[in-house]
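Working notes for the structure below.
Please treat every number below as a calculation from the coordinates, not as lab data. Computed from a prediction, not measured in an experiment: that's the story for all the values here. Here Cβ is always computed from backbone atoms with ideal geometry, including for glycine, and neighbour counts include all displayed protein chains.
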Amino acid sequence: MQSIAAISINTFREVVRQPVFILVLALAAAVLLLMMVVPLFGFADEVVLFKDLALHTSALAIVFLVALTAASSVAEELESKTVLALLAKPVARWQLLVGKFAGIVLALAAATAVLALLVFLTTYVKVYNGAMPAERHGAFSMSQSAPVLEFQAKMWNHAASTLPACVMILYRGAILAAVAVVLSAGFSRVLAVIVTFGLYLVGHLTEFLTDAVRHSTALVRDTVTPAAHLLPFLQNFDIVNQVSAAMADEPAFEGLWAYTGWVGLYTVGYVAFVLLVGTFLFNRREID
């Protein structure tokens, strides 16, 4: 456990210090702030549209971070031969994979926390910006009148409703990071980047592809169906539409948190499966 902890902490430090990590977060923050002050012409659904765009922007930022960091995590160690020093300590190969993955997930969690805070705050302000002057006047007052309390609750509930989707963004990032780390240990970083982006796209079409295969010939079904079930059903992680139209005081919002919990269990299981397969393949690779 000490070896895994040491590798994960070192990996976390390396990732968050990379210029690309800061650049992606800065670009995402700039886009969120720009959308906050610029009218989106959603009329009555201005806040709903903003939440939708803000969450999708955050999701794309995490995908780029995974592709640009996790996809090169083990590959860099192999290319620079520093992996030989690590494995000679001795550190088992599975410990190296798990440690690298854990460090990257810690970095993704930090990035997701920053983006979640930004989405929360910009959504809060967006509700304020779109309100009538009379509502704005009492937005930050200490008055206990019903209209003031109602508007303050509206700002808070719209902002808080984005949090389950942010957790789902981290889940997707963890799955993609596990795949990218395994690929970087067995193949080139270029292939790992391409597959990471491809898996993100295909993972959101898994249900569609499964339905298409179900109506194909028997040969196609027998060949493609087993492979399709190995893909992560990332479409099930996308609750942006539900979150965009929801508020934190609605009964359905509790269901979103419950659903998020179940998806978390799926994420843990899928990540464990990917790392297990990756360890098997990494153990069979010759390192010289």
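Below, the figures for the structure above:
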quantity	calculated
Packing-based order for 170-179, 118-127, using average beta carbon neighbours within 10 Å, highest first	170-179, 118-127
HN-Hα J in Hz across the stretch 9-18 - Karplus 6.51, -1.76, 1.60, θ = phi - 60°, x for Gly and Pro	5, 5, 5, 4, 5, 5, 5, 5, 8, 5
Relative exposure of LYS51, LYS154, judged by other C-beta atoms within 10 Å (fewest first)	LYS154, LYS51
Ranked list, fewest to most other Cβ atoms within 10 Å of each Cβ, for TRP94, TRP262	TRP262, TRP94
Under the Karplus curve 6.51 cos²θ - 1.76 cosθ + 1.60, θ = phi - 60°, whole-Hz ³J(HN,Hα) for the stretch 232-237, x wherever Gly or Pro sits	x, 7, 5, 4, 6, 8
Contour excess over end-to-end distance, with Cα ends at TRP262 and ALA110 and 0.36 nm allotted per residue	52.5 nm
Other-chain or far-sequence residues with amide H under 5 Å of SER161's (modelled H)	ALA248
Potential lengthening between LEU201 and PHE280 on full extension [0.36 nm per residue; Cα-Cα distance subtracted]	25.8 nm
Karplus-derived 3J(HN,Hα), 6.51/-1.76/1.60, for each residue of the stretch 274-280, Hz, glycine and proline x	5, 5, 5, 5, x, 5, 4
